[in-house]
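Trainee: Have a look at this one before I ask anything.
No lab work stands behind these numbers, since they all come straight from the coordinates. In this text the structure is predicted, and so the values were computed from the model without any measurement. Backbone-built Cβ (ideal geometry, glycine too); neighbour counts: all protein chains shown.
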Amino acid sequence: MRVGVESLSDRHAKAMESFLEFTASRIAPYAGDWDNARRLPRDVISALGEAGHLGALVPAEYGGSGMDLIEFGLLNEAIGTGCSSVRSVVTVHSMVCRAVQRWGSREQRERWLPRLASGEWVGAFALSEPGAGNDAARIGTTARRDGEHYVLDGTKKWITYAQAADVFLVFGHDEGRFAAFLVERDTPGLTVVPIDDVLGTRASMLAELRFTGCRVPRTALLGRVGFGLSAVATDALEIGRYSVAWGSVGLAQACLEASVRYAGERRQFGAPLIKHQLIQRLITDMATSVSAARLLCVQAGELKSADHPDAVTAVWMAKYFASTAASRAASDAVQIQGANGCDPAGSAQRLFRDAKIAEIIEGSTQIQQTTIASLVSQAGAGED
Ligand SMILES: Cc1cc2nc3c(=O)[nH]c(=O)nc-3n(C[C@H](O)[C@H](O)[C@H](O)COP(=O)(O)OP(=O)(O)OC[C@H]3O[C@@H](n4cnc5c(N)ncnc54)[C@H](O)[C@@H]3O)c2cc1C
């Protein structure tokens, strides 16, 4: 049962059905193996490309699927039920597609978007650094102009899918003027150092990117110098936040389904677990919060599609609620399964680890708690 999607249009309902089928056949059965192997095989990326899922936000004229935001959200929910590592790749790749579409010149769109939409090339989003996380304005990577080139120096850390991505959206600055660049993987001066064994989304193939005198042509600059953080990164991060919110709904839905199944089968003290009231309470809270999270995501998608002034706040709220709900749901899913929930062969422990990541990326829980209060109080002040 998926409460919160009853009002979907026929087109969206059909799209969701096909996303769930794709997840059930191409993703969910293998998620545990990928997590253990700490990598995603290229064929799942190719399958995503062939299905049009990597071109979700790319307009049809550039070979994309041109999904609207609700459809894109549903795609993230469906994939999130199966594997958060795959969903993470869709998230960062879509952020790069969005940035090129929104800020790229015609030449840049024509060069990048068809390749990104087909999955021939996969994009990664490189903002974080060893010394700069939530406080992105602290990034130390420099991008100095040298004639027809820019020279990048610095280190990016925790970059999803950087072990295999073909192009990186990299943020740097020149004396405090931030800029964004599209840097191809084989550019001299760029070294990719894998980061393995992260707590969650273990198959998402994180890496560190080291730039040492890395020269990129002027045509690699995306948007204008000075607008790298305030426009390019901010806009892409909002899409990322929206994607993670929906992905968290999917993860929580997977916890709910696993919990209901297990509690119906497992018997203790003469009855199935589901007959014990304290287990019923955990499942009630889980089911209610999954539905509430999904409704907040639908609201965020509708407001964002309408360019409504409250859209920014709605996306923050959706991500805050959905990621914390997913964390709670995953913790309770492990609890309901007891020792079996800790079994490396089961999915509950993976969901538990993956859910924690959703509370850290795209604005950590504490940053959401302070940001939403400030957005709401600004809006309140504006009404006086
Ligand atoms: C699996 C994974 C994948 C990632 N993928 C990418 C990627 O693809 N691209 C990329 O650029 N980055 C990526 N990141 C990095 C991620 O974006 C950062 O981890 C995130 O921005 C948080 O930064 P931080 O970890 O440095 O935490 P910090 O900003 O150092 O925060 C540490 C803690 O302090 C809290 N805190 C910070 N400031 C405040 C405050 N003002 N008030 C109250 N509490 C505060 C935070 O909530 C957090 O709990 C990834 C991280 C992980 C774990």
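Trainee: Where Lys and Arg each count +1 and Asp and Glu each count -1, what net charge lies around PRO272 among other residues with Cβ under 10 Å from its Cβ?
Mentor: On the way: positive: ARG266, ARG267, LYS275; negative: GLU265.
So the environment of PRO272 carries a net charge of +2.
Trainee: Related question: How much net charge surrounds MET95 when only other residues with a Cβ under 11 Å from its Cβ are counted (Lys, Arg +1; Asp, Glu -1)? Spell out each step's value before the answer.
Mentor: Working: positive: ARG98, ARG102, ARG241; negative: ASP235, GLU238, GLU362.
Result for the local shell: 0.
Trainee: Could you bin all the Cα-Cα distances of segment 167-255 into 10 Å bins starting at 0 and give me the percent of pairs in each, rounded to whole numbers?
Mentor: 14, 34, 35, 15, 3
Trainee: In a Gaussian network model over the chain where Cα atoms closer than 10 Å are linked, find which of VAL315, VAL290, VAL192 has the largest mean-square fluctuation.
Mentor: Looking only at VAL315, VAL290, VAL192, the biggest GNM fluctuation is shown by VAL192.
Trainee: Let me ask something else about it. Within 10 Å, count the other beta carbons around each residue, average over each peptide in 106-112, 251-257, and list them highest first. It would help to have the intermediate numbers written out before the result.
Mentor: Details: 106-112: 14.7, 251-257: 26.9.
Top to bottom by mean Cβ count within 10 Å: 251-257, 106-112.
Trainee: Using a 10 Å cut-off on Cβ atoms, rank the peptides 371-380, 47-56 from the highest mean neighbour count down.
Mentor: Numbers: 371-380: 12.6, 47-56: 21.3.
Highest-to-lowest ranking by the protection proxy: 47-56, 371-380.
Trainee: DSSP loop GluC sites (Glu not before Pro) in segment 138-204 with at most 11 other Cβ atoms within 10 Å of their Cβ, which ones?
Mentor: Numbers: sites: GLU148, GLU175, GLU184; in loops: GLU148, GLU175.
Qualifying residues, ordered by number: GLU148, GLU175.
Trainee: Now, a different point. Between SER46 and LYS356, what is the spin-label point distance in nm, taking each point 7 Å from the Cα along the Cα→C-beta axis?
Mentor: Here the answer is 3.5 nm between the modelled labels.
Trainee: Among GLU71, GLU362, GLU61, whose mean-square fluctuation peaks in a Gaussian network model of the chain (Cα, cutoff 10 Å)?
Mentor: GLU61
Trainee: State, as an integer percentage, the relative contact order of the chain based on alpha-carbon contacts under 8 Å between residues 6 or more apart.
Mentor: Details: 731 pairs, mean separation 64.1, N = 384.
Normalised by residue count, the contact order of the chain is 17 percent.
Trainee: What is the distance in Å between the Cα centroid of segment 55-92 and that of segment 102-121?
Mentor: Result: 16 Å between the Cα centres.
Trainee: With the cut-off at 24 Å, tell me which of the pairs LYS157/LYS304; LYS275/LYS319; LYS14/LYS304; LYS156/LYS356 have Cα atoms farther apart than that. Provide the component values of the computation, followed by the final result.
Mentor: Working: LYS157/LYS304 30 Å; LYS275/LYS319 33 Å; LYS14/LYS304 22 Å; LYS156/LYS356 22 Å.
With Cα atoms farther than 24 Å apart: LYS157/LYS304; LYS275/LYS319.
Trainee: Can you give the angle from 0 to 90° between the axis of helix 84-103 and the longest principal axis of the chain, with both taken from C-alpha atoms, to the nearest 10?
Mentor: With rounding to tens, the tilt is 40 degrees.
Trainee: Still on this structure, I have one more. Taking only C-alpha pairs under 8 Å that are 6+ residues apart, what is the relative contact order of segment 108-154 in percent?
Mentor: For segment 108-154, the relative contact order is 19 percent.
Trainee: Give the relative contact order (percent, whole number) for segment 10-122; include only Cα pairs under 8 Å separated by 6+ residues. List each step's numbers first, then the result.
Mentor: Values: 132 pairs, mean separation 37.2, N = 113.
Reported as a whole number, the value is 33 percent.
Trainee: Then there is this: Return the calculated 222 nm mean residue ellipticity for the chain, to the nearest 500 deg cm²/dmol, obtained by summing -39500 (n - 2.57) across DSSP H runs with n ≥ 4 and dividing by the residue count.
Mentor: Values: 11 runs with 198 residues, N = 384.
Dividing the helical sum by the residues of the chain leaves -17500 deg cm²/dmol.
Trainee: Right, another one. What angle do you read, to the nearest 10 degrees and between 0 and 90, between the alpha-carbon axis of helix 277-305 and the longest principal axis of the chain?
Mentor: Its long axis makes an angle of about 30 degrees.
Trainee: If one takes the longest principal axis of the Cα atoms in the chain, at what angle in degrees, from 0 to 90 and to the nearest 10, does the Cα axis of helix 69-82 lie?
Mentor: On a 0 to 90 degree scale, this one is about 60.
Trainee: Highest mean first, how do 262-274, 343-355 rank when packing is the count of other Cβ atoms within 10 Å averaged over residues?
Mentor: Details: 262-274: 13.5, 343-355: 20.2.
Packing order, densest peptide first, comes out as 343-355, 262-274.
Trainee: Quick one: net charge around PHE321, please, counting Lys, Arg +1 and Asp, Glu -1 for every other residue with C-beta under 13 Å from its C-beta. The partial results should precede the final answer.
Mentor: On the way: positive: ARG241, ARG294, LYS319, ARG328; negative: GLU359.
It works out to a net charge of +3.
Trainee: Give me the extension gain from ASP196 to THR234: residue separation times 0.36 nm, minus the current Cα-Cα distance, reported in nm with one decimal.
Mentor: Working: separation 38, 0.36 × 38 = 13.68 nm, distance 2.78 nm.
Here the segment from ASP196 to THR234 would lengthen by 10.9 nm.
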